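Q: One structure, as structure tokens, below. Some questions next.
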Amino acid sequence: MEHNIYIYILVMALITYLIRALPLTLIHREINNQFFRSFLFYIPYVTLAAMVFPAILFSTGNVISATVGFVIAIILSYREKSLTTVAIAACIGVYITSLFIH
Amino acid sequence: MSTLFYLNFFYLCKSILIYFTILFFHYILNKNIKGVCFMDISKIDLWKQGFKDGIPICLGYFAVSVTFGLQCGIGGLSIFQATLLSFTNLTSAGQFGGLELIIAQASYAEMAFTQLILNLRYLLMSTSLSQKLDSQASIVQRMIVSHGITDEIFGVSMLTKGKLSPYYSYGVMSCAIPGWVFGTFVGIAIGNVLPLNILNALSMAIYGMFLAVIIPPAKKNKVILLVVVLSMILSGLFEILPILNQISSGFKIIIVTLIIASLAAYFFPVKEDDYGA
């Protein structure tokens with residue numbers, strides 16, 4: 001039997017939305033358990049750090065230009081520049097480096 | 001470009017328009033009926049701040065979703081199907097994984113299970129967000145904010161000062177989501193004419209933003225610094241060690257998160273007043 005693409009899309013959207021919406025809509029009270037609160041506190045740092053490295057090195061199709069972007073982003077975010085500034089400066093760094101490599 | 005192209009473009013614009021209309025009316029209704037007060041800063045300012053923080057997410061999404069759109073085209077999806085997929089799913093790993101299954105004509109159950117595994121990390125994020133979101137947020141507000149739980153939007157939302165206002169989330173969403181949807185559209189319609197090195201450079205935006213989100217707190221708090229460095233090392237090991245490098249990236253994030261966040265919570269429990277700071 002030929003599967004319908006719209007049913008695929010519906011299944012994907014439904015499952016993904018339920019995963020996202022259930023905790024946020026059901027948990028209204030504050031969680032008091034200190035371990036669990038601390039666990040939740042650390043989640044964004046762990047998740048974002050794990051997503052950045054090592055994926056950042058392969059994101060631009062060239063390790064050298066990616067490293068340049070990586071270093072620029074670290075320096076500027078260490079100086080507490082805004083999200084947009086850091087992101088755009090890193091992109092420009094990658095672009096300029098790619099002009100020299102290819 | 002055919003008539004079909006314009007028809008699909010029309011549908012895309014229509015869905016984006018409907019989306020903004022809903023957000024707009026939701027904003028007006030809440031303003032008049034509930035009058036939730038966010039102290040010194042108005043809702044429109046929160047929305048603007050969110051929109052501004054959403055710009056790098058938008059750029060990064062655009063670059064990634066152009067690739068997704070291209071792949072959809074190769075896989076035989078129509079422009080409308082691809083943009084609908086991006087608008088309703090809003091998740092990179094889940095969509096790339098799902099697209100492979102669509103092309104392979106896998107069963108619906110298999111699709112459901114794969115989406116569950118690839119996107120399970122959102123369950124952790126949503127739980128985390130439930131503690132951060134302003135407790136006065138209504139059920140409808142929670143349902144809208146839920147759709148915007150992606151790695152990137154979650155990241156900027158969690159690290160705002162104090163409680164999270166739904167209006168800030170709406171701001172980020174109304175900037176980032178069009179980037180993702182429009183990128184998919186561009187990818188499937190004209191993706192092959194965009195220069196590769198520009199797309200490559202744009203994919204750096206998301207990572208630059210992530211670093212801008214996690215480094216300033218890590219500079220001030222040694223425990224966060226340790227957590228960040230250990231997470232990167234563990235995540236790096238998943239890339240190079242045999243067996244571990246077979247694990248999908250979505251699942252890797254879950255494993256690293258469970259291990260490092262539990263250890264940190266066990267050895268460095270957070271004092272009440274640190275939370276959400």
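The values are calculated or read from the model by the stated rules, or taken from the named source; none is laboratory data. What you see is a predicted model, and the numbers here were worked out from it, not measured in a lab. Here the Cβ is made from the backbone with ideal geometry for all residues, glycine too, and neighbour counts use every protein chain on show.
Residues are listed down the side, and each one gets a yes or a no for (1) surrounded by 15 or more Cβ atoms within 10 Å (Cβ to Cβ); (2) assigned to a helix (DSSP H, G or I); (3) facing chain A (nearest Cβ under 7 Å):
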{"residue": "B:V228", "(1), (2), (3)": "yes, yes, yes"}
{"residue": "B:M232", "(1), (2), (3)": "yes, yes, yes"}
{"residue": "B:F238", "(1), (2), (3)": "yes, yes, no"}
{"residue": "B:P242", "(1), (2), (3)": "no, no, no"}
{"residue": "B:I253", "(1), (2), (3)": "yes, yes, yes"}
{"residue": "B:V256", "(1), (2), (3)": "yes, yes, yes"}
{"residue": "B:A261", "(1), (2), (3)": "yes, yes, yes"}
{"residue": "B:A264", "(1), (2), (3)": "yes, yes, yes"}
{"residue": "B:V270", "(1), (2), (3)": "yes, no, yes"}
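Q: With respect to A:M51, is the statement that it is modelled with pLDDT of 90 or more, at the interface with another protein chain (Cβ under 7 Å from one of its Cβ atoms) and surrounded by 15 or more Cβ atoms within 10 Å (Cβ to Cβ) true?
A: Details: modelled with pLDDT of 90 or more: no; at the interface with another protein chain (Cβ under 7 Å from one of its Cβ atoms): yes; surrounded by 15 or more Cβ atoms within 10 Å (Cβ to Cβ): yes.
Criteria not met by A:M51.
Q: Moving to a separate point now. Search the stretch B:92-109 for residues being over 18 Å from B:I247 (Cα atoms) and touching a residue at least 12 places away in the same chain (Cβ under 8 Å), and hand back the single one that is surrounded by the fewest Cβ atoms within 10 Å (Cβ to Cβ).
A: Taking the candidates together, the pick is B:I103.
Q: Quick check on A:I7: is it within 16 Å of the chain's Cα centre (by Cα), on the phi < 0 side of the Ramachandran plot and at the interface with chain B (Cβ under 7 Å from one of its Cβ atoms)? Before you say what the answer is, go through the steps one by one.
A: Working: within 16 Å of the chain's Cα centre (by Cα): no; on the phi < 0 side of the Ramachandran plot: yes; at the interface with chain B (Cβ under 7 Å from one of its Cβ atoms): yes.
No.
Q: Of the residues B:L116, B:L124, only one is over 22 Å from B:A63 (Cα atoms) and touching a residue at least 60 places away in the same chain (Cβ under 8 Å); which? It would help to see each step written out before you state the result.
A: Details: B:L116 fails: touching a residue at least 60 places away in the same chain (Cβ under 8 Å).
Residue meeting the stated conditions: B:L124.
Q: What tally of residues in the stretch B:171-204 results from selecting those that are touching a His at 6+ places or on another chain (Cβ under 8 Å) and farther than 22 Å from A:I96 by Cα?
A: If we filter the stretch B:171-204 for residues that are touching a His at 6+ places or on another chain (Cβ under 8 Å), which is where we start, we get B:173, B:197.
Keeping just the survivors that are farther than 22 Å from A:I96 by Cα gives B:173.
Number satisfying all stated conditions: 1.
Q: Which of the residues belonging to the stretch A:23-41 are in a helix (DSSP H, G or I), within 7 Å of chain B (Cβ to nearest Cβ) and either acidic (D, E) or within 20 Å of B:L258 (Cα to Cα) (or both)?
A: Let us first name the residues in the stretch A:23-41 that are in a helix (DSSP H, G or I), namely A:23-26, A:34-41.
Applying the additional criterion that residues be within 7 Å of chain B (Cβ to nearest Cβ) yields A:23-25, A:34-35, A:37-41.
Selection gives A:P23, A:L24, A:Q34, A:F35, A:R37, A:S38, A:F39, A:L40, A:F41.
Q: Within the stretch A:54-65, track down each residue that is surrounded by 18 or more Cβ atoms within 10 Å (Cβ to Cβ), more than 16 Å from B:F238 (Cβ to Cβ) and facing chain B (nearest Cβ under 7 Å).
A: If the condition is that a residue be surrounded by 18 or more Cβ atoms within 10 Å (Cβ to Cβ), more than 16 Å from B:F238 (Cβ to Cβ) and facing chain B (nearest Cβ under 7 Å), then A:S59, A:T60 are the ones that fit.
Q: Same structure, new question: Within the group B:V156, B:V145, B:V181, which residue is assigned by TED's automatic domain parsing to the domain that holds B:G60, in contact (Cβ under 8 Å) with a residue 24 or more places away in the chain and farther than 30 Å from A:E80 by Cβ?
A: Numbers: B:V156 fails: farther than 30 Å from A:E80 by Cβ; B:V145 fails: farther than 30 Å from A:E80 by Cβ.
When all the criteria are applied, what remains is B:V181.
Q: Can you tell me which residue among B:A201, B:A189, B:A205 is under 15 Å from A:F53 (Cα atoms), aliphatic (A, V, I, L, M) and assigned by TED's automatic domain parsing to the domain that holds B:L85? Outline the logic, then answer.
A: Working: B:A201 fails: under 15 Å from A:F53 (Cα atoms); B:A189 fails: under 15 Å from A:F53 (Cα atoms).
Step by step, each of B:A201, B:A189, B:A205 is checked, and only B:A205 is under 15 Å from A:F53 (Cα atoms), aliphatic (A, V, I, L, M) and assigned by TED's automatic domain parsing to the domain that holds B:L85.
Q: Considering only the stretch B:134-154, state which residues are among the hydrophobic types (A, V, I, L, M, F, W, C), within 7 Å of another protein chain (Cβ to nearest Cβ) and surrounded by fewer than 23 Cβ atoms within 10 Å (Cβ to Cβ).
A: B:I139, B:M143
Q: Out of curiosity, is B:A112 surrounded by fewer than 19 Cβ atoms within 10 Å (Cβ to Cβ), small (G, A, S) and either under 26 Å from B:M209 (Cα atoms) or facing chain A (nearest Cβ under 10 Å) (or both)? Even if it seems obvious, please write down each step before you answer.
A: Working: surrounded by fewer than 19 Cβ atoms within 10 Å (Cβ to Cβ): yes; small (G, A, S): yes; either under 26 Å from B:M209 (Cα atoms) or facing chain A (nearest Cβ under 10 Å) (or both): yes.
Yes, satisfied.
Q: Another question, if that's okay. Quick check on my filter: what residues within the stretch A:69-92 are over 26 Å from B:G50 (Cβ atoms) and modelled with pLDDT under 95?
A: Within the stretch A:69-92, none qualify.
Q: Another one. Report whether or not B:G54 is more than 7 Å from chain A (Cβ to nearest Cβ), of a type outside the set (S, T, N, Q) and buried (at least 22 other Cβ atoms within 10 Å of the Cβ). Steps first, please.
A: Working: more than 7 Å from chain A (Cβ to nearest Cβ): yes; of a type outside the set (S, T, N, Q): yes; buried (at least 22 other Cβ atoms within 10 Å of the Cβ): yes.
Yes: the conditions hold for B:G54.
Q: Got a number for residues in the stretch A:10-37 being more than 25 Å from B:F96 (Cα to Cα) and more than 21 Å from the chain's Cα centre (by Cα)?
A: Looking only at that region, the number is 13.
Q: Are there any pairs, at least 6 apart or on different chains, whose C-beta atoms fall under 9 Å, with the first in the stretch B:77-90 and more than 7 Å from every other protein chain (Cβ to nearest Cβ) and the second in a loop (DSSP other than H, G, I, E, B), and if so, which?
A: Short answer, once both residue conditions are applied: B:L90/B:G148; B:L90/B:I149; B:L90/B:T150.
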